[in-house]
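Reading through the structure tokens given below for one structure.
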Amino acid sequence: MISNPLIFAATSDIAGRTRGKAFPVSDLDKRLKRGVGWTPTNVMITCFDAIAPSPFGSLGDLLLIPDRDAGVEVDFSDGGPVERFMLGEITDLEGRPWECCTRTILKAALERLQASAGIHLVSAFEHEFQFRDRGEVMADGFSLRGFTRRRQFGETLMSALASAGLTPDTFMKEYGPNQYEVTNGPAQGHRSADQALILRELTRMTAVRHGEQVTFSPILDPASVGNGVHIHMSFVDESGAPTTYDEQGPCGMSRITASFTAGLLKYLDSIVALTAPSDISYLRLTPHRWSAAYNNLGFRDREASVRICPVTSADPDKVARQYNFEYRAADAAASPHLALAAIVHAGAQGIEEGLPAPQPTQEDLSSLSEVDLAARGYKRLPQSLEEALQRFEQNEVVTGWFPESFVPVYTAHKRAEIAHLGDRDTSARCAAYADVY
């Protein structure tokens, strides 16, 4: 069959969807300079493909400029088409960054971090997902049998990730029904968010090639487990030397790490609208789900919103390289670029404020009263998307991190998402998101 190979220019939008348009590969050099046409109101397309009330209407023109360094080309060698896509940034017609481009927003946050502390972020996104298998669900948490059942899928996915320039790390059968986890190695700056998007899309593509469907939806069944995204972070200085660890610091945190995590915890309840941004995300962010329910730091505690992770060496140099912490109040309904931007801004704010090291919790915070929680500086995270949106838009420090036009666009978009669901019950809401993500 005749074929003119196409490449898809992509953006990660505020619905956490990968959108864009394709053009012939033969036009790549031209498109790297001129991009493809884009429309401002596209930013108001919710995850359910309904258009939220738009401040742009039918007016305006933008460009989506692909980035050659964020290109993917994967041949699955199964007789199907070669998958080609390339992430990019949205600009106006003169090439100026557009205020609602998530990749541009992330780059601005990273520039702030560098200016605040002279450091660069190194990070990696850890993803959980589930196969949409309507058949028998076996009790296979972490089992060899569960792994073996999807071995071929996992091996294809690992090959696809490597072909796309990522560093495949692990693939495992997770605890939940038909639930798996895939991880890749860290990257510096905005590249880790690029890689998170690439991993999600290649996982979906791999499933289709195997005649299956997967979903990264935050939760499929409130009575079962959820699918989280854990964002692991560390820092290096201008020379590439690690700056996250200090043997004398609390729980091994350097001064910069301590202030960064303190800022993250201080503003966490106001940024969760960006990191866990679906209506059903808040079914997962509840106590006793190995998730996140409070703005607390945990030392190797998987119930904490921010967790200091273990290291596997006693050598001081290796410890300094391995030492990292993870943000656990996120899921794949979020654009990885927007989620990481919110986290980086919160951490940079903590550094600029010179916040002291937070104390790690070693107890079940759900057993404490609201008075006791407040006395110790802890907050219950929002328990609905609407509550999260209110905390976000009412926090002038947090909204001040973003371009002026972004906040009303984001909140209108998300409230339209809520309205679309109407009066559906919980099961129907979970089903709707399962189809999307």
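Each value in this text was obtained by applying a stated rule to the coordinates, not by laboratory testing. Keep in mind the model is a prediction, meaning the values are calculated, not measured. Here Cβ is always computed from backbone atoms with ideal geometry, including for glycine, and neighbour counts include all displayed protein chains.
Structure notes:
- Neighbour net charge for GLY71 - beta-carbon separation under 12 angstrom, K R +1, D E -1: -2
- Segment 105-436 - charge dipole about Cα centre, Lys and Arg +1 at Cβ, Asp and Glu -1, debye rounded to 20: 580 debye
- For segment 207-221 versus segment 276-298, the spacing of their alpha-carbon centroids is 22 Å.
- Counting DSSP beta bridges with both ends in segment 105-436, the antiparallel % (nearest 5): 90 percent
- Here is the list for segment 114-172: trypsin sites (Lys or Arg not before Pro) lying in DSSP coil, each with at most 12 other C-beta atoms within 10 angstrom of its C-beta, are ARG134.
- Phi-based couplings in Hz for segment 109-126 (Karplus 6.51, -1.76, 1.60; Gly and Pro marked x): 5, 5, 5, 5, 4, 5, 5, 6, 9, x, 10, 10, 7, 10, 8, 8, 9, 9
- Dividing the summed -39500 (n - 2.57) terms of all DSSP H runs of n ≥ 4 by the residue count of the chain sets its mean residue ellipticity at 222 nm at -11000 deg cm²/dmol.
- Computed about the Cα centre, the dipole magnitude for segment 1-155 is approximately 40 debye when only Lys and Arg (+1) and Asp and Glu (-1) carry charge, each at its Cβ.
- Lys/Arg +1, Asp/Glu -1 at C-beta; the chain dipole; positive extreme among LEU93, SER54, PHE153: PHE153
- Rounded FRET efficiency, nearest 0.05, which uses the C-beta distance separating LYS21 from GLN362 and R0 of 56 Å: 0.65
- For the residues ARG191, ARG103, ARG284, a GNM of the chain with alpha-carbon springs under 10 Å puts the largest fluctuation on ARG191.
- Placing unit charges on the Cβ atoms of the charged side chains and taking the dipole of segment 105-436 about its Cα centre, the candidate lying farthest along the positive direction among THR206, ILE219, TYR267 is THR206.
- Of the trypsin sites (Lys or Arg not before Pro) found in segment 297-338, those that fall in a DSSP loop while having at most 16 other beta-carbon atoms within 10 Å are ARG300, ARG302.
- Compactness ratio for segment 308-353: Cα radius of gyration over 2.2 N^0.38 Å (N = residue count) comes to 1.49.
- Footprinting exposure proxy ranking of THR215, THR148, THR102, THR286, fewest other C-beta atoms within 10 angstrom first, gives THR148, THR286, THR215, THR102.
- Estimated distance in nm for a label pair at LEU93 and SER369, the labels positioned 7 Å out from Cα along Cα-to-Cβ: 6.4 nm
- Neighbour-limited loop hits for trypsin sites (Lys or Arg not before Pro), segment 362-437 (at most 14 other Cβ within 10 Å; DSSP other than H, G, I, E, B): ARG376, ARG424
- As a proxy for reagent exposure, ranking MET205, MET1 by other Cβ atoms within 10 Å from fewest up yields MET1, MET205.
- Annotation: the residues VAL344, VAL409, sorted from fewest to most other C-beta atoms within 10 Å of their own C-beta, follow the order VAL409, VAL344.
- Its Cα centre serving as origin, segment 1-67 has a Cβ charge dipole (Lys and Arg +1, Asp and Glu -1) of approximately 100 debye.
- DSSP loop GluC sites (Glu not before Pro) with at most 12 other Cβ within 10 Å excluded, longest remaining stretch of the chain: 248-362
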